[in-house]
Amino acid sequence: MKYRLKVGEETSEIEVLSTENPQRLRIKMADKDFDVTFQRVSEDCLWMVVDGKATKAFVTTTTAGTHVFLAGCSYLVQDADRIAVRTARRGLHDETPKDVTPPMPSVVVRILVSEGAPVKKGQGLIVVTAMKMETTLAAPYDGKVKKINASINQKVAPGDVLVEIEEEVLKNG
Amino acid sequence: MFKKVLIANRGEIAVRIMRTCREMGLRTVAVYSEVDTRALHVLEADEAVSLGESEPSESYLHIGKIIEAAKSTRSEAIHPGYGFLAENPSFADACEDSGLTFVGPPASVIRDLGNKAMARRIMTSAGVPVIPGMMEATEDLERLLQEATRMGYPVLVKAVAGGGGKGMRVVSESEAMREACLSAMSEAQKAFGDGSLYIEKHLQTPRHVEFQILADRQGHVVHLFERECSIQRRHQKIIEETPSPVMTPSLREAMGRAAVSAAKAAGYVNAGTVEFLLDRSGQFYFLEVNTRLQVEHPVTEMTTGLDLVREQFHIAAGDPLRFLQEELFQRGHAIECRVYAEDPENSFFPSPGAVLLHREPAGPGIRNDCGIYEGVGVPVEYDPIIGKVIAYGETREASRRRMIRALENYAVLGIRTTIPYLIDILKSPEFAAGDLSTDFIERHFQGWRQSAEYADAAKIVHILHDLSSPAKASTGQEAHGRPTPWETLGDWRL
């Protein structure tokens, strides 16, 4: 059985080989070959011995992926094949790191620009607050403020485009 | 002593106060906003009163509603915790006007010490050393620019009503001064309703060392030794400990005496903290007085054996202090780590959401003052602290290792927390050596990334989880595009 799993930016091709013992697997990842025995302790707890080293791990699944806690670290493990399917389904709109959108649910506290104003890449456009912390969302590129879609005290969520920027078209000369 | 107390706060501190109330036989009343209906502090209280909307100004900051809740439940005292209304003199006044005991200093003391410029004047006249800087605050931008030029950069711009790092900026050159003042003013105006600023000389690599004080209504003041809180991000403490690794008996004596003088000069009553900056040469300067219980109070409790919340209630009820300075002593070492729902890989951006899994650390010398539980949501509306872990050991090294052990066993899933970040700080050779300063994080932990050391192990966990999940059949994962283990593994038994 094969997996393609992603942690952070790194994706690994993994092959899982079963053995005669159902609690024992061989897992091949890049140039490494792990000998794994394990026990499912409960729905959210696994005990495993990887190459002779025992670890207890906690695990839970959300739509974002599998959240794993072990040794004081927590990792989000994603199935790369499923991400690819989801992205394809949602089309190009998923590729929107250039939008002015809050990273988490927040409330708008200040709007620093007005419609029609020219802005420089990195210039602050709008300030949002979440859990008492203020964050300034900056212009992703040089351009002109096309539209402001937020007002002060408005609750906003990731994906909401708060300020639309018309990218400056480079002129010759 | 009171029979019933209202706790005008939420989260871990409300829960911590209720624990002492229960031990003292005081009945507790919680208050809560809409989003906190199932919060831990509500579940722990004997009674709970709804304050309505989640917006802080409509709930935990709404003086009228909280006083009304105290009256309707026939509470006799209000404990404000820290944050929210804890250092709001109008709230202390409102309690008194309604015949309720405010568990904290008198309103006039909060007012004087809450004004940082006034506090500096009080300390100067009491002979307590202060950092060179302006003696009064202003909203006049030109005046601030002039003062900064006169003092010489780097300077520290501070909101007169500030706290928790809000309205505070370090400015190292004149070009950045105007913008820094404007943003600090706006932040302070919003957070405290007062945009006035003042400027202090910015000390290079100082330590933050503070003294816990207790003062009764009869005028007795004692200090409960120091806490070192140099590990800060955004001017907010994240790791605190006592004793300070650089403390000597003579320095402790001098700073403790200054702290007691400071408290006496201000007419202080109840528990408070006198904060100092300690420079490399052993000079110390008054920073401010926090007129409330501090987040880091447990390290003092662990090493003195006292319960500060219990002492607060005794003092508020009019009892004299039950001990003299010479009867107090410290034993061992305690470290506290604040656990925040924040993403340490993304400029500590808050990480609210549902707590999907929560397994607390335990074992010898470990205390966890925690405000969440598995299944609860961490709301976006309030401060992201979810708890604090305290490790006690007979030496600093024993408590440091104990803390690492505890945090490595503190499993939280669903929200990002500062736990892995804290572990790396504790493991760093600089922390282990006690080489601390308030810019420790800028110097050693800028742009921190969680180690990928266990990433392969995490992938293995994913696979084992996938292959053995009892919930598998019902999750509709046929979209995987590959055979399920039920098809491939043959005889599989759970």
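For A:K6, a cut-off of 17 angstrom between C-alpha atoms picks up these aspartates and glutamates, skipping any fewer than 8 places away in its own chain: A:E15, A:D31, A:D79, A:D81, B:E453, B:D456, B:D466.
So for chain B, taking the charge dipole from beta-carbon charges (+1 Lys/Arg, -1 Asp/Glu), which of B:V5, B:T242, B:S90 sits furthest toward the positive end? The residue sitting farthest along the positive end of the dipole is B:T242.
Directionally averaged projected area (chain B, Cα convex hull): 26.1 nm². To make sure I understand the rule: partners must be aspartates and glutamates, Cα under 19 Å from the Cα of B:K71, and not fewer than 8 residues away in the same chain. Which ones qualify? Reachable aspartates and glutamates: B:D46, B:E47, B:E58, B:D93, B:E96, B:D97. For the protein assembly as shown, the dipole from Cβ point charges (+1 on Lys and Arg, -1 on Asp and Glu) about the Cα centre works out to 400 debye, to the nearest 20. When the listed pairs B:K116/B:K166; A:K2/A:K32; A:K53/B:K459; B:K3/B:K388 are checked against a 18 Å cut-off, the alpha-carbon distance exceeds it for B:K3/B:K388. Mind grabbing the base-10 log of I(q)/I(0) for region B:374-438 at q = 0.13, 0.16, 0.19, 0.23 Å⁻¹? Debye formula, identical points on the C-alpha positions, no solvent, two decimal places. Result of the Debye calculation: -0.45, -0.64, -0.83, -1.05.
When the Cα positions of B:L141, B:H358, B:S59 are compared along the charge dipole of chain B, B:H358 comes out farthest toward the positive end, with charges on each C-beta of Lys, Arg, Asp and Glu.
For the protein assembly as shown, the Kirkwood estimate of the hydrodynamic radius, built from every pair of different alpha carbons, is 27.2 Å. Averaged over its residues, the protein assembly as shown has an accessible area of 43 Å² per residue, based on protein heavy atoms and a 1.4 Å probe.
With all protein chains in place and a 1.4 Å probe, the accessible surface of region B:1-147 carries 46 percent carbon and sulfur. Taken over the alpha carbons of region B:52-120 as equal point scatterers, the Debye sum produces base-10 log I(q)/I(0) values at 0.19, 0.29 Å⁻¹ of -0.73, -1.33.
Counting, for every residue in A:34-42, the Cβ atoms of other protein chains within 10 Å of its Cβ and taking the mean gives 3. Looking at the protein assembly as shown alone, DSSP beta bridges between its own residues are antiparallel in about 90 percent of cases. In chain B, the calculated helix contribution to ellipticity at 222 nm averages -10000 deg cm²/dmol per residue, counting -39,500 (n - 2.57) for every DSSP H run with n ≥ 4.
Buried accessible surface for the A/B chain pair comes to about 5200 Å², total over both chains, computed with a 1.4 Å probe.
With the charge dipole of region A:14-88 set up from +1 on Lys and Arg Cβ and -1 on Asp and Glu Cβ about the Cα centre, the Cα lying farthest toward the positive end among the listed residues A:V36, A:V77, A:V16 is that of A:V77. Working from the pairwise distances between different alpha carbons, so that the mean of 1/r is found and then inverted, what is chain A's Kirkwood radius in Å? Value: 20.0 Å, from the Cα pair sum. Per residue of peptide A:129-138, the mean number of Cβ atoms on other chains within 10 Å of the residue Cβ is 6. Taken residue by residue and averaged, Cβ atoms of other chains lying within 10 Å of the Cβ of B:259-267 number 0.
Once the chain from B:K201 to B:A126 is taken as fully extended at 0.36 nm per residue, the excess over their C-alpha distance is 24.9 nm.
Within the set A:K132/A:K155; A:K120/B:K158; A:K147/B:K190; B:K4/B:K65; A:K147/B:K158, which residue pairs have Cα atoms separated by over 24 Å? Violating the 24 Å limit, Cα to Cα: A:K120/B:K158; A:K147/B:K190; A:K147/B:K158. Overall, region B:150-192 carries a charge dipole of about 180 debye about its Cα centre when +1 sits on the Cβ of Lys and Arg and -1 on the Cβ of Asp and Glu, all other atoms neutral.
Shown here for region B:335-422: GluC sites (Glu not before Pro) in loop regions (DSSP other than H, G, I, E, B) with at most 12 other Cβ atoms within 10 Å, namely B:E394. Ordering B:111-124, A:51-64 by mean Cβ neighbour count within 10 Å, with the highest value first, yields B:111-124, A:51-64. Each peptide in B:216-223, B:146-153, B:297-304 gets a packing score, the mean of other Cβ atoms within 10 Å over its residues, and the list from highest to lowest is B:297-304, B:216-223, B:146-153. How high is the FRET efficiency from B:R280 to A:E15, r the C-beta distance, R0 51 Å, rounded to 0.05? The computed FRET efficiency comes out at 0.35.
The values are calculated or read from the model by the stated rules, or taken from the named source; none is laboratory data. Note that the structure is a prediction, hence the values are computed from the model and not measured. Here the Cβ is made from the backbone with ideal geometry for all residues, glycine too, and neighbour counts use every protein chain on show. Just so you know, the surface numbers come from the protein's heavy atoms only, side chains and all, with ligands and any DNA or RNA stripped out. Shrake-Rupley method; radii C 1.70, N 1.55, O 1.52, S 1.80 Å.
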